[in-house]
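Undergrad: Quick one: this structure, given as structure tokens, is what I'll be asking you about.
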Amino acid sequence: MTTVLACLLVLFTLIAPDEVSRLTPAAFVRIPVEGLLGVALVLILPARPRRVVATLAGVALGLLTIVKIVDVGFFTVLDRPFNPVFDWTFVGAAAEFVTESIGRAGAIGALVATAALAVAVLLLMTLSVLRLTSLVVRHNTTAGGAIAVLGIAWVVCTVLGAQLVPGMPVAAHAYDHSLQVRAALQDRKTFAAESAVDAFRDTPGEDLLTALRGKDVIVSFVESYGRDAVEDPEFAPQVGAVLDAGNRRLRAAGFAAQSAFLTSPTSGGGSWLAHSTLLSGLWVDNQQRYSTLLASDRLTLNGAFRRAKWRTVGVMPGNTRDWPEGAFFGYDRVYDARNLGYRGPRFNWGTMPDQYTLSSFERLERAKRDRAPVMAEMPLVSSHAPWVPTPRLIDWGDVGDGSVFGPMATAGDSPEAVWRDPARVRAAYRGSIEYSLNSLITYVETYGDDDLVLVFLGDHQPAPIITGQGADRDVPITIVARDRAVLDRISGWGWQDGLKPGPQAPIWRMDAFRDRFLTAFGPQPHSSR
């Protein structure tokens, strides 16, 4: 029985898919080439080197098992596999999320349990390989014949491209991550070449954003506001109702809006990749590209506003510590959870309700007299996982220092209770998106004027628990203004009227936005007659 379990453990590591949705019996009908090569090596090596190689192979398979487990987590949250070159930064982000969700003691406990599990996997896998090595040596003739037959079958299946499960060849291999390392090294050169092209690098400030002079411009990212929020039948009726009602109210207040879709470089998480993609005009889909961008002199959208004499601010309610990246993006001032004056309770990961974030920005910046026009980037966090508890909208005059939100943070079921039922998780997600959108809409109603321009968009689609596996990466984007001349400037974009893009709305890659925005709102050529 022990030998059978050891064999199953090794085979599982070599051939098991890294997506939970693909764990079917047919997915295990595969021939792992690494297993065949390993058995062949055992058969030809002398006793002492064989044991050393078996031990090293056990450790390597243990590490592969750990990576595969991480892959499952990445597919569950981000709908993609773990990249061993780019994705170590997510360890810190995950630790912060766990700490904010279950407390420091719970996070430490989770870390200790994770470390213990990793050690156990390495030990069990090494012992399993050593046991199977002894078995192969004792039955070397049978093992040699089996390797020959399976090796021929592997070659035939490779040539034919045989698959019992789409996307999973019968002739299996487990070295995908080694290929990622080579691709990562090449990607550095590719990104450097892309970064070198910038049509606006040397544009003087007086030639930038001339059509927005005197306007306050807010670029607001709504966390996890993806295309599914406005098209999936489980969410679209309620979210659509919020947007339709907002259309009516904003039109009554003299505002108009146009909407479309952008394709985000990320899904399920990694919001900073989407933010930097939109603002830099470069496709930033991994941490290596993000770090390279921060070390460059790339002109960001924020930096263009600053060059054109706007006051630029970053309103970052999700930041709880110093954020040196703010200097790269071109902010005159960064507000975060520590200096926005919030005196209310945390809403799980969300440090403060979106309504408070918007209200404090109004108080700290737009309400000042004799000021320069302000451009603000403002990621909103109330629709961040785990999506409960969700605040409710109150009268803007009652927001104050945020203490009024106190009872809301403990109302309703806990995240632990909600997350036992995927249907309740999806309902909580929908409710949080409705709240964030209503916060933006009512902010414009309450504080909007002829000089306000609001650009709001999703940063990425939510996790696959909301969208299902394989969802696209499109997010809605909307521009709202009372001054019709602002929307006239984008009339050639083909965007749709209103706050909600329809199924046929244009789709751009997110990195296309910076250049199109700067072009649309810069000097326009005069038509000759």
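Undergrad: Work out how much length ALA47 to ALA253 would gain on full extension: take 0.36 nm times their residue separation and subtract the Cα-Cα distance, in nm to one decimal.
TA: Between ALA47 and ALA253, full extension yields an extra 65.8 nm.
Undergrad: Give, in nm to one decimal, the length gained when the segment between MET1 and THR24 is fully stretched (0.36 nm per residue of separation minus the Cα-Cα distance).
TA: Roughly 5.9 nm would be gained on extension.
Undergrad: In sequence order, what are the phi-derived ³J(HN,Hα) couplings for the range 426-440 according to the Karplus relation 6.51 cos²θ - 1.76 cosθ + 1.60 with θ = phi - 60°, rounded to whole Hz, with x for glycine and proline?
TA: Per-residue couplings from phi come out as 5, 5, 5, 4, 4, x, 5, 5, 4, 5, 4, 5, 5, 4, 5 Hz.
Undergrad: Report GLU194's accessible area, 1.4 Å probe, all protein chains in place, as a number in Å² to the nearest 10.
TA: 70 Å²
Undergrad: Using modelled amide H (1.01 Å from N, peptide plane; none on Pro or chain starts), what sits under 5 Å from the amide H of PHE347, excluding residues fewer than 5 places away?
TA: Result for PHE347 returns MET352.
Undergrad: Here is a further query. How much length, in nm to one decimal, is gained on full extension between GLU362 and LYS309, taken as 0.36 nm per residue of separation minus their Cα-Cα distance?
TA: 17.1 nm
Undergrad: Compute the Cα gyration tensor for the range 209-305, then decide on rounded, prolate or oblate, letting a ≥ b ≥ c be the square roots of its eigenvalues: rounded whenever a/c is under 1.5, prolate when a/b is larger than b/c in the other cases, and oblate in all that remain.
TA: oblate
Undergrad: Using a ≥ b ≥ c from the Cα gyration tensor of the range 253-346 (square roots of the eigenvalues), is it rounded, prolate or oblate, where a/c under 1.5 gives rounded and otherwise the larger of a/b and b/c decides, a/b for prolate?
TA: rounded
Undergrad: OK, next. To the nearest 10 Å², what's HIS384's accessible area with a 1.4 Å probe?
TA: So the heavy atoms of HIS384 present about 40 Å² to solvent.
Undergrad: Moving on. So what is the accessible area of the chain per residue, in Å², with the probe set to 1.4 Å?
TA: Dividing the accessible area of the chain by its residue count gives 45 Å².
Undergrad: Picking from SER224, TRP310, ALA295, whose Cα lies most toward the positive end of the charge dipole for the range 204-326 (charges on Cβ: Lys, Arg +1; Asp, Glu -1)?
TA: It is TRP310, whose Cα lies furthest towards the positive end.
Undergrad: To continue, here is another question. Output the relative contact order of the chain, whole-number percent, from Cα pairs under 8 angstrom with separation of 6+ residues.
TA: 22 percent
Undergrad: Given H placed 1.01 Å from N in the peptide plane, which residues other than close sequence neighbours of GLY458 have an amide H under 5 Å from its amide H?
TA: Placed amide hydrogens put VAL222 under 5 Å from GLY458.
Undergrad: Here's something else I'd like to know. Local charge sum around ASP244 (other residues, Cβ-Cβ under 14 Å, Lys/Arg +1, Asp/Glu -1)?
TA: +2
Undergrad: Using the Cα centre as the reference, give the magnitude of the dipole from point charges on the C-beta atoms of the range 218-326 (Lys, Arg: +1; Asp, Glu: -1; all else neutral), rounded to the nearest 20 debye.
TA: Taking the Cα centre of the range 218-326 as origin, the dipole is about 700 debye.
Undergrad: Convert each backbone phi in the range 464-473 into a coupling constant with the Karplus relation 6.51 cos²θ - 1.76 cosθ + 1.60 (shift: θ = phi - 60°), then list the ³J(HN,Hα) values in order as whole Hz, x for Gly and Pro.
TA: x, 4, 8, 8, x, 6, x, 5, 5, 10
Undergrad: Something else: When we measure straight from the Cα of LYS309, which aspartates and glutamates land under 18 angstrom away, once same-chain ones fewer than 8 places off are left out?
TA: ASP202, GLU206, ASP207, ASP216, ASP332, GLU365, ASP370, GLU377, ASP451
Undergrad: Between SER403 and LEU124, take the C-beta separation as r, use R0 = 51 Å, and let me know the FRET efficiency to the nearest 0.05.
TA: 0.45
Undergrad: Still on this structure, I have one more. Quick one: accessible surface of LYS500, probe radius 1.4 Å, all protein chains present, in square angstrom to the nearest 10.
TA: Its accessible surface works out to 70 Å², give or take rounding.
Undergrad: At R0 = 51 Å, how high is the FRET efficiency between LEU185 and TRP396 if r is their beta carbon distance? Nearest 0.05 is fine.
TA: 0.50
Undergrad: Another one. Near the amide H of GLY498, under 5 Å away, which other amide H atoms are found, from residues 5 or more places off or on another chain, if H is placed in the peptide plane?
TA: The answer is ALA257, GLN258, SER259.
Undergrad: Round to a whole number: what % of the accessible area of the chain belongs to carbon and sulfur, probe 1.4 Å?
TA: After summing per-atom areas, the C and S share lands at 61 percent.
Undergrad: Further question: When the helix-only estimate is applied to the chain (DSSP H runs of n ≥ 4, each -39,500 (n - 2.57), divided by the residue count), what is the mean residue ellipticity at 222 nm, nearest 500 deg cm²/dmol?
TA: That calculation yields -15500 deg cm²/dmol at 222 nm.
Undergrad: Can you give the charge dipole size of the chain about its Cα centre, rounded to the nearest 20 debye, using +1 on the beta carbon of Lys and Arg and -1 on the beta carbon of Asp and Glu?
TA: For the chain, the charge dipole is close to 1060 debye.
Undergrad: So what J values fall out for the range 353-360 if you push phi through Karplus, 6.51 cos²θ - 1.76 cosθ + 1.60 with θ = phi - 60°, rounded to Hz, Gly and Pro as x?
TA: x, 4, 4, 5, 4, 5, 5, 5
Undergrad: Considering only protein heavy atoms, with the full assembly of protein chains and a 1.4 angstrom probe, order GLU206, GLU34, GLU223 by accessible area, largest first.
TA: GLU206, GLU34, GLU223
Undergrad: Just reorder VAL33, VAL59 by solvent-accessible area, largest first, 1.4 Å probe, all chains present.
TA: Descending accessible area places them as VAL59, VAL33.
Undergrad: Cα axis of helix 140-160 to longest principal axis of the chain: angle in degrees, 0 to 90, nearest 10?
TA: Approximately 40 degrees, to the nearest ten.
Undergrad: In what sequence, largest accessible area first, do SER491, SER360 appear using a 1.4 Å probe?
TA: SER491, SER360
Undergrad: OK, next. Per the Kirkwood formula on distinct C-alpha pairs, the Rh of the chain is how many angstrom?
TA: Here the Kirkwood hydrodynamic radius works out to 25.8 Å.
Undergrad: P(r) of the range 295-437 in 5 Å steps, Cα pairs, percent per bin?
TA: 2, 10, 17, 18, 17, 13, 11, 6, 4, 1, 0
Undergrad: Give, rounded to the nearest 20 debye, the magnitude of the charge dipole that the range 288-339 has about its Cα centre when Lys and Arg contribute +1 at Cβ and Asp and Glu contribute -1 at Cβ.
TA: Dipole of the range 288-339, to the nearest 20 debye: 180 debye.
Undergrad: Between ASP421 and ARG201, with labels modelled 7 Å along Cα→Cβ, what's the label distance in nm to one decimal, could you check?
TA: 5.7 nm
The values are calculated or read from the model by the stated rules, or taken from the named source; none is laboratory data. Computed from a predicted model, the values in this text were never measured in an experiment. A quick note on method: Cβ atoms are made from the backbone with ideal geometry, for glycine too, and the neighbour counts reach across all protein chains shown. Ligands, DNA and RNA are excluded from the accessible area calculation, which covers all protein heavy atoms including side chains. Shrake-Rupley method; radii C 1.70, N 1.55, O 1.52, S 1.80 Å.
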